[in-house]
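Novice: Before I ask anything, let me first share the structure, which is written out below as structure tokens.
The values are calculated or read from the model by the stated rules, or taken from the named source; none is laboratory data. Just so it is clear, the structure is predicted and the values come from calculations on it, not from any experiment. All Cβ positions, glycine included, derive from the backbone under ideal geometry; neighbour counts span all protein chains shown. Surface areas here come from the heavy atoms of the whole protein model, side chains and all, with no ligands, DNA or RNA. Shrake-Rupley method; radii C 1.70, N 1.55, O 1.52, S 1.80 Å.
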Amino acid sequence: MIKENVDDVESRVQAACSRAGRKREEVTLIAVSKTKPVSAIYEVMETGIKDYGENKVQELCDKIDIIKEPLNWHMIGHLQRNKVKYIVDKVKLIHSVDSLRLAEQISVEAQKKSVETDILIEVNVAEETSKFGLSTDEVVQLVRDIAKLPAVHIKGLMTVAPFTDNPEDNRPYFKNLKQLAVDIAGKNIDNVTMNELSMGMTGDYEVAIEEGATMVRVGTGIFGARIYAKNV
Ligand SMILES: *Cc1c(COP(=O)(O)O)cnc(C)c1O
């Protein structure tokens, strides 16, 4: 089941890359394993996928403790400042930085552990009030402020587009995020690169790749539907 899912996603990723005239290596497929057991992650690992996304610190740390193989773990969910210390030296990339205070905390904890932490700035391109992330006009100032912090490095932008049945609805948001990244890159801010665009989920990753995503975060499409048990 999981193997077939991965094959299907992989062929769609490849097709989207070729439609867009991009190389497959330009896009990292992140398997979003939140709520899924370690046994399911092992199944996905057998297909060769090395990048996994989690949105809760506790679950992320539990899984890292169990799975000894070297993997790239991505923190993709809202991050509280008091939990930064648990993950700063364990994750490849924190996708969900949306405030200076959070970035400052990452900087402090990274220095304590003598590591350098890479981050993305989360942008709420669709300006949905229910979502985390900054509006586009707040982003440039935040990037400038975070760029001055030691031990933390901005590598690009991330967005969670609206849930929709028609992925074409999200194309304008992906285009906007790409344009914002191009604009910021043009400002040549020290300690800032805009090489990563984390956008696209199960419902819309093909469109996101066509619009320049370098990382797509696919959960349901790989692991199947999530069941959220109560009180767990
Ligand atoms: C859960 C989640 C995903 C994956 O969602 P699917 O629709 O299951 O692919 C991607 N990004 C973030 C930030 C998530 O929380």
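Novice: For segment 124-171, how big is Rg over Rh, using alpha carbon atoms and the Kirkwood form of Rh?
Specialist: Ratio of gyration radius to Kirkwood radius for segment 124-171: 1.07.
Novice: Could you give each residue of segment 33-43 its phi-based ³J(HN,Hα) in whole Hz, using Karplus coefficients 6.51, -1.76, 1.60 with θ = phi - 60°, and x for Gly or Pro?
Specialist: 9, 3, 6, 9, x, 4, 4, 5, 5, 4, 4
Novice: State the dimensionless ratio Rg/Rh of the chain (Rg: radius of gyration of Cα atoms; Rh: Kirkwood radius).
Specialist: Using Cα coordinates only, the ratio equals 0.95.
Novice: Can I ask one more? Could you tell me the calculated FRET efficiency between residue 85 and residue 25, based on Cβ-Cβ distance and R0 = 30 angstrom, to the nearest 0.05?
Specialist: The formula returns an efficiency of 0.35 here.
Novice: Follow-up question, since we're still on this one. Going through segment 177-232, which GluC sites (Glu not before Pro) have at most 14 other Cβ atoms within 10 Å and a DSSP loop state?
Specialist: Passing sites in segment 177-232 do not exist.
Novice: So who's got an amide H within less than 5 Å of the one on residue 152, skipping anything under 5 residues away but keeping other chains? H placed 1.01 Å off N, in plane.
Specialist: Correct list: 117.
Novice: Please tell me the relative contact order of segment 92-149 in percent, rounded to the nearest whole number, where contacts are Cα pairs under 8 Å and at least six residues apart.
Specialist: Worked out over segment 92-149, it gives 39 percent.
Novice: Can I ask one more? For segment 1-104, list log₁₀ I(q)/I(0) at each q in 0.10, 0.18 Å⁻¹, using the Debye formula over Cα point scatterers of equal strength and ignoring solvent, two decimals each.
Specialist: -0.33, -0.91
Novice: Still on this model: Under a point spin-label approximation (7 Å from Cα along Cα-to-Cβ), what is the residue 163-residue 8 distance to one decimal in nm?
Specialist: Each label point lies 7 Å from its Cα, and together they span 2.0 nm.
Novice: Still on this structure: Given a Förster radius of 25 Å and the C-beta distance between residue 130 and residue 220 as r, what FRET efficiency does 1/(1 + (r/R0)^6) yield to the nearest 0.05?
Specialist: Taking R0 as 25 Å, the efficiency between residue 130 and residue 220 is 0.80.
Novice: Using Cα pairs under 8 angstrom and six or more residues apart, how large is the relative contact order of segment 24-93, in percent?
Specialist: It comes to 30 percent, rounded to a whole number.
Novice: Wrap a convex hull around the Cα atoms of segment 152-212, take a quarter of its surface area, and give that in square nanometres.
Specialist: For segment 152-212, averaging the hull's shadow over all directions gives 4.1 nm².
Novice: Could you name the aspartates and glutamates whose alpha carbon sits less than 14 Å from that of residue 178, not counting residues in the same chain fewer than 8 places away?
Specialist: 122, 196, 210, 211
Novice: Hand me the trypsin sites (Lys or Arg not before Pro) from segment 4-111 located in a DSSP loop with no more than 12 other Cβ atoms within 10 Å, in residue order please.
Specialist: 23, 68
Novice: Any chance you could run the full-extension gain for residue 193 through residue 111? It's 0.36 nm times the residue separation minus the Cα-Cα distance, nm to one decimal.
Specialist: 27.5 nm
Novice: Can you pull out the GluC sites (Glu not before Pro) in segment 32-64 whose DSSP state is coil and whose Cβ has at most 14 other Cβ atoms within 10 Å?
Specialist: Answer by residue number: 46.
Novice: So how much accessible area does residue 1 have, in Å² to the nearest 10, using a 1.4 Å probe?
Specialist: Accessible area of residue 1: about 150 Å².
Novice: Please work out the C-alpha center-to-center distance from segment 99-160 to segment 171-232 and express it in whole Å.
Specialist: Result: 15 Å between the Cα centres.
Novice: Taking 8 Å as the Cα distance limit and 6 or more residues as the minimum spacing, I'd like the relative contact order of segment 2-223 as a percentage.
Specialist: Relative contact order comes out at 21 percent.
Novice: May I ask you to compute the full-extension gain from residue 137 to residue 61, defined as 0.36 nm times their residue separation minus their alpha-carbon distance, rounded to one decimal in nm?
Specialist: This chain segment gains 24.0 nm when fully extended.
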